[in-house]
Amino acid sequence: MSDTQWTILGEQVLDENRHIRLSTADIRLPDGVEFTQYVARMPRCAMTLVLNDSREVLLMYRHRWIIDQWVWELPGGYVDHAEDVASAAAREVEEETGWRPRTMQHLVTYQPAIGTLDQPQEVYLARGADLTDTRPDINEAEAIRWVPLDEAVLMIDRGEIIGAATVVGVYRALTLPSPPT
């Protein structure tokens, strides 16, 4: 064990359902200090940055009640237990926007708040999408729009995009080469 590794003395589950497991963990720091920390564990999520040939990103405008704010986001959601992550990401795009991704490529995996929260986030890249007859879920978005990638960066600057998955996905997309024409 490393001299700087924290020691978990025990963990007690406070509440658990299919969306979250909330517990407290008793911790000992390397210097001997002990304390209790709340821990939230949530299922894996998969989001998709759908990028068309004009380098526009498919975004959803929605109200996030926890922060009581209207924001623009990538489509995405929880991965069902045995579901393939790329399939889940593609499913969420179609359910939430009515667009079916043509391709799925893993872009990045990250943890949004590893000091208290364990929730793996996977962002996929879809190059192109086809509009389907699927009606977008009314509970998910007020509006769906294709936004130029450069404009999406400005939306981050203006605070119109604040969700971690969308910020990470948009910034990561800036490094992608344009597809061959």
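The values are calculated or read from the model by the stated rules, or taken from the named source; none is laboratory data. All figures in this text were calculated on a predicted structure; none of them were measured in a lab. FYI the Cβ positions are ideal-geometry reconstructions off the backbone, even for glycines, and counts take in every protein chain you see. In case anyone asks, the SASA skips ligands and DNA or RNA and just uses the protein heavy atoms, side chains included. Shrake-Rupley method; radii C 1.70, N 1.55, O 1.52, S 1.80 Å.
Counting other Cβ atoms within 10 Å, which trypsin sites (Lys or Arg not before Pro) in segment 75-167 have at most 16 and lie in a DSSP loop? Write out the running numbers ahead of the final one.
Values: sites: Arg91, Arg102, Arg127, Arg145, Arg158; in loops: Arg102, Arg158.
The qualifying sites are Arg102, Arg158.
When the Cα convex hull of segment 1-61 is projected onto planes of every orientation, the mean area is 8.1 nm².
Hydrodynamic radius of the chain by the Kirkwood approach over all distinct alpha-carbon pairs: 17.9 Å.
Report, please, the projected area of segment 14-113 averaged over directions, based on the convex hull of its C-alpha atoms, in nm².
Working: hull surface 37.9 nm².
The directionally averaged projection comes out at 9.5 nm².
For segment 25-147, what % of the accessible area comes from carbon and sulfur atoms, probe 1.4 Å? Walk me through the intermediate numbers first.
Numbers: 3270 of 6670 Å².
The value for segment 25-147 is 49 percent carbon and sulfur by accessible area.
Compared with the dominant Cα axis of the chain, that is its longest principal axis, helix 85-97 is turned about 60°. Where does the longest stretch of the chain lie that holds no chymotrypsin sites (Phe, Trp or Tyr not before Pro) found in a DSSP loop with 14 or fewer other Cβ atoms within 10 Å? Free of exposed loop sites, the longest segment is 66-181.
Annotation: per residue accessible area for the chain equals 59 Å², rounded to a whole number [probe 1.4 Å, protein chains only].
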